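Each remark here refers to the structure printed beneath this line.
Coordinate-derived values only; no laboratory data. If you're wondering where the values come from, they're calculated on a predicted model, not measured in any experiment. Reconstructed Cβ throughout: ideal geometry from the backbone, glycine too, with neighbour counts over all protein chains shown.
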Amino acid sequence: MFERAHLQQLIARVNEPRKFIQVVMGPRQVGKTTLVRQLLEKIKLPSTYVSADDAASNPVWLNQQWDIARMNYKASEGSTYLLVVDEIQKISDWSEKIKALWDEDSYGGIELKVVILGSSRLLLQQGLTESLAGRFEKTYMGHWSYGEMSQAFGWNVNQYVWFGGYPGAASLIGDEKRWRDYVSDALIETSISKDILLLTRIDKPALMRRLFELGCLYSSQILSYTKMLGQLQDAKNTTTLSHYLHLLETAGLLSGIDKYSPNVIRQRSSSPKFLVHNTALISAQRNVLFDDGVQDAKFWGRMVESSVGAHLINSSYSEDYKIHYWKQDNHEIDFVLEREGNAIALEVKSNDEKIDANIKAFHNQFQNVKIILVGEKGLPWQEFLKMNPADLF
């Protein structure tokens, strides 16, 4: 079975002598549960694995599972013991409960090691910030990269751009209708209904779904909130759209990146550039076959840019950099990465004349920012999808 790099990181964490809370977060269907199962097979330590799928109706469920782990820890005469709790976001006030249980263990000399899994990054981050500060470390598992899909399933780069980074759907690509149905029903709908609508108050769920569809349609393109209001019924104001877009981003579906500017206020007030986190979210909603999609040069160019953007987004959560775009008049730079005061511009176009004009306009304004061309005349986009974008800094 293919093993992601996160596994070795988690094994090293478990082998540390002190107790810990390790939070593993990421979108649905990226292998978080599989990761823990592989971990338990390799470490051969006494452990308890539980899932909070059925815990919503039982307010003391987490306390019960923790008490069982404590008893098992004591029965093992103080040796290392691991408690794994999956789907933690389904437990109300989970972070406060874990904080209280963790502090009780600290006073009682109980050295439980705890791994928490969750697919709602918004709720996890809120809990970590508000209650568990200083008590945890986190790991973000994004959608699978081209290198991982190629290694695990033998895909070529065009297959990755079209079918994206969902390992659970890889076996279905021979029947593209079945593949589209799986992505739409088991991934898109489940992510929206279970990771957003059931866990967050949404006044207009139909509007959120239409916003998601619009974002996929315009992925890799800039769309002003004014134009969005014109295309979406029941969208009363831009604040609601911005909030819904943020929730879609936390579910690992769709982002709206801001315009690059030294002025933070201008960044936040800019029109967003839509980017899917996984290109399967685009192709699964089109009644077009893979072979035909590759032949449509204009559409395929957008798919390639969206694939580069998805690669950047998934890497950014673990590598801690921000992603922007830049636009002034008719000139645009596709991506600007920013980390610790350093910035790098990436241009992913195929029209040489337009590229030269865009790069010149950007360089005139930001002369100290390195510009990298991703394409035939520069770093091949196929090679870029294999690398860690953080290595550019």
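Using only the Cα atoms of the range 287-393, each taken as one equal point scatterer with no solvent, compute I(q) by the Debye sum, divide by I(0), and report log10 of the ratio at q = 0.19, 0.20 Å⁻¹. Evaluating at q = 0.19, 0.20 Å⁻¹ gives log10 I(q)/I(0) of -1.00, -1.09. The helix-based estimate of mean residue ellipticity at 222 nm for the chain, built from -39,500 (n - 2.57) per DSSP H run of four or more residues and divided by its residue count, is -13000 deg cm²/dmol to the nearest 500. Taking the square roots of 5 times each eigenvalue of the Cα gyration tensor of the range 322-374, largest first, gives ellipsoid semi-axes of 18, 11, 10 Å. Derived scalar couplings between HN and Hα for the range 324-339 equal 9, 10, 9, 8, 8, 6, 9, 9, 9, 10, 4, 9, 10, 9, 9, 8 Hz in order, rounded to whole Hz, by the Karplus curve 6.51 cos²θ - 1.76 cosθ + 1.60 (θ = phi - 60°), x for Gly and Pro.
Take residue 292, project a point 7 Å from its Cα along the Cβ direction, then tell me which residues of the range 163-189 have their backbone nitrogen under 15 Å from it. Under cut-off, by backbone N: 176-178, 180.
For the chain, the Cβ-based charge dipole about the Cα centre amounts to some 420 debye (Lys, Arg positive; Asp, Glu negative; other atoms uncharged). Give, as a single signed number, the net charge of other residues whose beta carbon lies under 11 Å from the beta carbon of residue 90, with Lys and Arg counted +1 and Asp and Glu -1. That works out to -4. Quarter the surface of the alpha carbon convex hull of the range 171-306 and you get the mean projected area, 9.1 square nanometres. For residue 138, the residues whose modelled amide H falls within less than 5 Å of its own, excluding neighbours fewer than 5 places apart on the same chain, are 23. Pairs with C-alpha atoms separated by more than 29 Å, drawn from the list 90/273; 32/97; 32/259; 204/349, are 90/273; 32/259; 204/349.
Averaging over all projection directions, the Cα-based convex hull of the range 6-140 occupies 7.5 nm² in the image plane.
The phi torsions of the range 287-293, fed into the Karplus equation with coefficients 6.51, -1.76 and 1.60 and a -60° offset, translate into couplings of 8, 10, 7, 3, 4, 6, x Hz, rounded to whole numbers, with Gly and Pro shown as x. Using only the C-alpha atoms, the convex hull of the range 142-189 corresponds to 70 Å³ per residue. Of the beta bridges in the chain, as assigned by DSSP with both residues counted there, near 40 percent are antiparallel. Amide hydrogen proximity for residue 372: with H placed 1.01 Å from N in the peptide plane, the residues at 5 or more positions away or on another chain lying under 5 Å are 345, 346, 347.
As a length-normalised measure over Cα pairs under 8 Å and 6 or more apart, the relative contact order of the chain settles at 14 percent. Aspartates and glutamates near residue 74 by alpha-carbon distance under 20 Å, same-chain residues fewer than 8 away left out - which ones? Filter leaves 16, 103, 104, 105, 111.
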